[in-house]
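Colleague: The following block contains the structure, expressed as structure tokens.
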Amino acid sequence: MGARRAMRTRPVASAADIPLLDIDRVSMRFGSLVAVSDLDLDVPERQVVSLIGPDGAGKTTVCNCVSGICSPTSGSVRFHGHRLTQTFGPRVFWMAMGIGLLVGLLTAAAAVDVDRLWLAVVKRGMVLDEPFTFDTVRRRLRSYFRGELAIDQLAGKWRVVTADGRDVLAIRRDYADAVSLRNQLQAAVTARRAGPGTIPDASDMADAASPSQPQASLPDEVLDRLAAGKARVRIRGWAGLVAGWVLGAAGTIAIWKRGRRSPHAVARAGIARTFQQPRLFPEMTVLENVLVGLDRTIPGGAIALLLGTRGHRRGEEEARRRAQEALSLVGLEGDAERIAGGLSLAGRRRLEIARALATGATLILLDEPTAGLEAEEVDAVIDLIGQIKQRGSAVLVTGDSIDPLARISDRMAVLEQGVKIAEGSPAEMKRHRRVIEITTGVPS
Amino acid sequence: MAAAWKWISQRWEVVALALLAVAPLFVPALGGALGGQVTTLFIYCILALGLNVMVGYTGLLHLGIAAFFGIGAYVVAILTVPLFPFQIGWLAAAAVSIAVTAGVGFALGGPVLKLRGDALAIVTLAFGEVVKVTLRNLEQVTGGMKGLNPVPPPGAGVTVAGTDLGLAFAVDPRWFYYLALAALAGVVWAMRRLENSRLGRAWAAVREDEPAAAALGISATQVKLSAFAMSAAVAALAGCLYAATLSTTADPNAYDFNRSILVLCAVILGGLGSIPGTLLGVAILVGFDTVLIPAADSLIQQLSGAADRSSLLSLASWRLAIFGLALVLVMRYRPAGLIPSRRLAAEWGRGGR
């Protein structure tokens, strides 16, 4: 998904002169060990290029760099002219913002004491028998963040409490008493907030105090505390929101950056690979192994497949048909229901190739597909590579000797200790002195 | 005869469902305390199937499943109890609860994706404890140690053909029995479907070889997140049923590490990644605990007479020892579980015992 997006946003040069795969001055260092240094290699479309070298020459490292398992220390790998890194687009931006907002809301909830907020907004309405509507919620929210005094009820008695319900300022038997007291006290607190020397506004007092009641008052330090409370809740809330937002967004971007050239994005762009030691899913059947390669072709997520939508069912049937096709190409059609772990080495290699083919990749990396096989099994694999080429995919194949691969390769390159020492047609490589020395182990 | 047996063993779930569905008609005890115990058993089965998505299918060790169970129970309670103004129907509340809990699972999954094995186990364990303590401390929202109650029975206020459903649930535990059984059947059906779908294959692929799956274009991130969310959603469904059955969320300690471990043990005992195995594991561990032991104890009491009250004579005080012994024996002789999944059976068969 990401890779496709990257393709759209990157500029595309004219298709004719860019090779399908362009390995450009790639070096890979592991600490002080240089596995590959300054490698240049092109794989044109519909061609077979083989990379030859003795064990430890860096062939597998090249495969890993191309398939995204490791990122090259320097240099670049381009496929269709793209680096296959995901670009920072609006999708990533909005994802970061969304996750940031979520984290921000969580930290803000903790900062403003969500427990007390719940008490003030949800529970107090129940006590006072108010309806639970958008308006009442908004009013109560505002009152909480302004630190206004409120009325609460406990054991049949009405209490004047602070917004968070922690401080009980007065208890009255009568509701009307409690309300008028609350209004008086609120006026006093508001006046205190306006400034230490200010006298409560006359109009404020007028609607608050009923003449028959004695003036309610609170000690100065309590008034100060209540007056300061408002600012504290607000500042804490905003600080929590902003801090959480920044942290969440930054963390999302950091994690996204690490996975920018991830193997799955590379695979989705159209590069499939096999491994030197076949890596199958040993507990699945042969057919299921190939179906994993076809995963992307089946539409629908968890909900669609639970409901068994038509699109999903059809995709699944189509995938099974194509999986069978891929299996018959490699000659495993009779073993579809066997457990993959029970296959022979040659069978495992073929299955891995079938699985890679099934992804519909335009470039297939085969890492030493002939290692450890008998002579006739090697021939079969070579024939298979020829068939892959005929089907229109390019192949980059590694091996440790010129011979079997020369039969189907369009070009060959030879690596020695991470350095490319020769490149050319199979015939040229067969005549190259140094190449003969390395691959046969006999100095000439 | 052989053909009939084959048919039965292939359609074990249909047979079991039919038997359990008619059981209350023939076993009157299911209308009493036993019915409540069996309902709890069903709920544990659902919870274990949810955990199985993480541990069995995707191979992620999860020690905090009880937290999702708890979140599910509390959300449904918050939305239905008379203490709060929401008071929506149980079905709608359950839907919201499942969605919310799946979201929480998703949110937990995000930051811990890179972790595997023991590191993930520790994070999920800590998450479970955090949720428990949070539930305890948010006293206004969750009622603290008192929990939230009374959770009205499902269908409260709904009248079908002259019967008040809420009243029916409150009077006859068989309603809960059938509700939990229907939910369990639905979850088993969904799990079977998932197992053999692209999602199930992707879970298994990530479990068996993550780099190989990535090389085929499977995003381990998405696959693991979906496992987290799915597991949380199923656990939440169990939580919704639990709160409805008890008509309270109970206190937060009901959702602690012990419950997570009990369910995990059941999954491992029965067979990781195997639906019948998981159900059998729960039936043995939880059923042994809640159904068999009380029954056996009352029998022992009768036989030995009221005079002898030695704790050595009560099975309840031996239960942990029996648990431990059973687990050791199973792990020694059937390491893939009592009913191993096809995939795990293949692996153990290949590796030799």
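Rule-based calculations on the coordinates, nothing more; no lab input. What you see is a predicted model, and the numbers here were worked out from it, not measured in a lab. Positions of Cβ are backbone-derived with ideal geometry, glycine not excepted, and every protein chain shown enters the neighbour counts.
Colleague: Set the Förster distance to 56 Å, then compute FRET efficiency between A:Asp400 and B:Ala92 from the Cβ-Cβ distance, nearest 0.05.
Modeller: With R0 = 56 Å, the Cβ-Cβ based efficiency is 0.30.
Colleague: While we're here: Near A:Gly251, within a Cβ-to-Cβ distance under 15 Å, what is the net charge of the other residues, with Lys and Arg +1 and Asp and Glu -1?
Modeller: Combined, the nearby Lys, Arg, Asp and Glu give +3.
Colleague: Can you figure out the FRET efficiency of B:Ile122 with A:Ser71, using R₀ = 30 Å and their beta-carbon distance, to the nearest 0.05?
Modeller: That gives a FRET efficiency of 0.55.
Colleague: Does chain B classify as rounded, prolate or oblate by the C-alpha gyration tensor (a ≥ b ≥ c root eigenvalues; a/c under 1.5 gives rounded; else a/b over b/c gives prolate, otherwise oblate)?
Modeller: Rounded is the answer for chain B, as its axis ratio a/c remains below 1.5.
Colleague: Cα centroids of region B:65-108 and region A:316-331: how far apart, whole angstrom?
Modeller: 44
Colleague: Using only atoms on other chains, find how many Cβ atoms lie within 10 Å of each Cβ of peptide A:301-313 and report the average.
Modeller: 3
Colleague: So, one more: Treat each spin label as a single point 7 Å out from the Cα along the C-beta direction, and report the A:Arg407 to B:Gln302 distance in nm.
Modeller: 8.1
Colleague: May I ask you to compute the full-extension gain from A:Asp167 to A:Arg139, defined as 0.36 nm times their residue separation minus their alpha-carbon distance, rounded to one decimal in nm?
Modeller: 8.0 nm
Colleague: Can you order the peptides A:30-38, B:63-71, A:79-87 by their average number of other Cβ atoms within 10 Å per residue, highest first?
Modeller: Output ranking for A:30-38, B:63-71, A:79-87: B:63-71, A:79-87, A:30-38.
Colleague: Below 8 Å, C-alpha to C-alpha, sequence gap of six or more: please give me the relative contact order for chain A in percent.
Modeller: Averaging sequence separation for qualifying contacts and normalising by length gives 22 percent for chain A.
Colleague: Modelled label-to-label distance, B:Asn258 and A:Ser27, 7 Å Cα→beta-carbon offset: nm?
Modeller: Computed distance between label sites B:Asn258 and A:Ser27 equals 6.2 nm.
Colleague: Exposed loop GluC sites (Glu not before Pro) only (DSSP loop, at most 16 other Cβ atoms within 10 Å): please give the longest stretch of chain A free of them, not including the sites.
Modeller: Answer - A:46-336.
Colleague: Can you give the helix-only mean residue ellipticity at 222 nm for chain B, where every DSSP H stretch with n ≥ 4 adds -39500 (n - 2.57) and the sum goes over all residues, rounded to the nearest 500 deg cm²/dmol?
Modeller: Roughly -22500 deg cm²/dmol at 222 nm, from the helical runs in chain B.
Colleague: Still on this structure, I have one more. Roughly how large, in nm² to one decimal, is the mean projection of the convex hull of the alpha-carbon atoms in the protein assembly as shown?
Modeller: Dividing the Cα hull surface by four gives the mean projection, 48.9 nm².
Colleague: 222 nm [θ] for chain A, helices only, -39500 (n - 2.57) per DSSP H run of 4+, per residue, to 500?
Modeller: Theoretical 222 nm ellipticity from helices: -15000 deg cm²/dmol.
Colleague: Relative contact order for chain B: what percent, with Cα pairs under 8 Å and sequence separation of 6 or more?
Modeller: 28
Colleague: Remind me, relative contact order of region B:141-238 in percent, using alpha carbon pairs under 8 angstrom and six or more residues apart?
Modeller: After rounding, I find 12 percent.
Colleague: What trypsin sites (Lys or Arg not before Pro) does region B:88-159 have in DSSP loop regions with at most 14 other beta carbons within 10 Å?
Modeller: Sparse-neighbourhood loop trypsin sites (Lys or Arg not before Pro): B:Lys114, B:Arg116.
Colleague: In addition: 7 Å from Cα along Cα→Cβ at both B:Ala29 and A:Glu45: what's the point-to-point distance in nm?
Modeller: 7.5
Colleague: Shielding by partners for A:280-293, please: the mean number of other protein chain Cβ atoms within 10 Å of each residue's Cβ.
Modeller: Taking the mean over all residues of the peptide, I get 6.
Colleague: In the protein assembly as shown, what percentage of the DSSP-assigned beta bridges are antiparallel, given to the nearest 5?
Modeller: 65
Colleague: Now, a different point. A:Glu437 to A:Ser328: FRET efficiency via 1/(1 + (r/R0)^6), r the Cβ-Cβ distance, R0 41 Å, to the nearest 0.05?
Modeller: Computed FRET efficiency for A:Glu437 and A:Ser328: 0.45.
Colleague: Return A:Lys389, A:Lys430 ranked ascending by Cβ neighbour count within 10 Å, so the fewest neighbours appear first.
Modeller: Lowest to highest Cβ neighbour count: A:Lys430, A:Lys389.
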